[in-house]
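Each remark here refers to the structure printed beneath this line.
What follows draws every value from the coordinates through simple rules; no lab data is involved. None of these values were measured; they are calculated from a predicted model. Methodologically, a virtual Cβ is constructed for each residue, glycine included, from the backbone with ideal geometry; neighbour enumeration extends over all protein chains shown.
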Ligand SMILES: [Zn+2]
């Protein structure tokens, strides 16, 4: 059975940032809860097991790190939230509400604008040039920090993880 998601104020189409993106179909006011990030809830060990050994070329995984124990794998029973791209200057943010993840508008977004949030990846891997390259950011914003990785020494309440 195909999963039916509730009506969302965005559509999914090709993005200049990365692959497929989510674009507002009407104005979305600041503070609007846009969509819940859903999928199968798995351990980090299981996430590593599923994806770490696969070739990343043309392979998409949709992992969101909820906390130290749990990841959401949106490749299994996920909804369109998994298509929202990263930006270093985002118009949305992901909030953890009792372990559920919601994407909310952090400013008013006009119709046609791509929805983005800061993935702020947290990596166990050492920070090497090849890791940097794998997580290179092409968001194109003026404030682009050049990577999807979390800025060092800056505290954030949650870290999102989505590997391409
Ligand atoms: Zn960027």
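Please report 51, 95, 37 as a ranked list, fewest other C-beta atoms within 10 angstrom at the top and most at the bottom. Don't jump to the answer; show the numbers that get you there.
Details: 51 19, 95 16, 37 25.
Lowest to highest Cβ neighbour count: 95, 51, 37.
If we count other beta carbons within 10 Å of each Cβ, what is the order of 49, 86, fewest first?
Values: 49 11, 86 22.
So the ranking, lowest neighbour count to highest, is 49, 86.
What nm value, rounded to one decimal, do you get for the distance between residue 102 and residue 67 when each label is placed 7 Å out toward the C-beta?
About 1.8 nm separates the two model spin labels.
If you take the C-alpha gyration tensor of region 84-149, multiply each eigenvalue by 5 and take the square root, what semi-axes do you get, largest first, in whole Å?
23, 17, 7
Once label points are set 7 Å from the Cα along Cα→Cβ at both residue 143 and residue 130, what is their separation, rounded to one decimal in nm?
Taking the two extended label points, one gets 3.3 nm.
Using a simple spin-label model with points 7 Å from Cα along the Cα→Cβ vector, what separation in nm is obtained for residue 11 and residue 30?
Between residue 11 and residue 30, the simple spin-label model gives 2.8 nm.
When ranked by the protection proxy of mean other Cβ atoms within 10 Å per residue, highest first, what sequence do the peptides 73-85, 23-35 form? Could you put the intermediate results ahead of the total?
Values: 73-85: 19.9, 23-35: 15.4.
Top to bottom by mean Cβ count within 10 Å: 73-85, 23-35.
Stick to Cα atoms and the Kirkwood definition of Rh, then tell me Rg/Rh for region 10-134. Mind dumping the intermediate values first?
Details: Rg = 14.8 Å, Rh = 15.4 Å.
Answer for region 10-134: 0.96.
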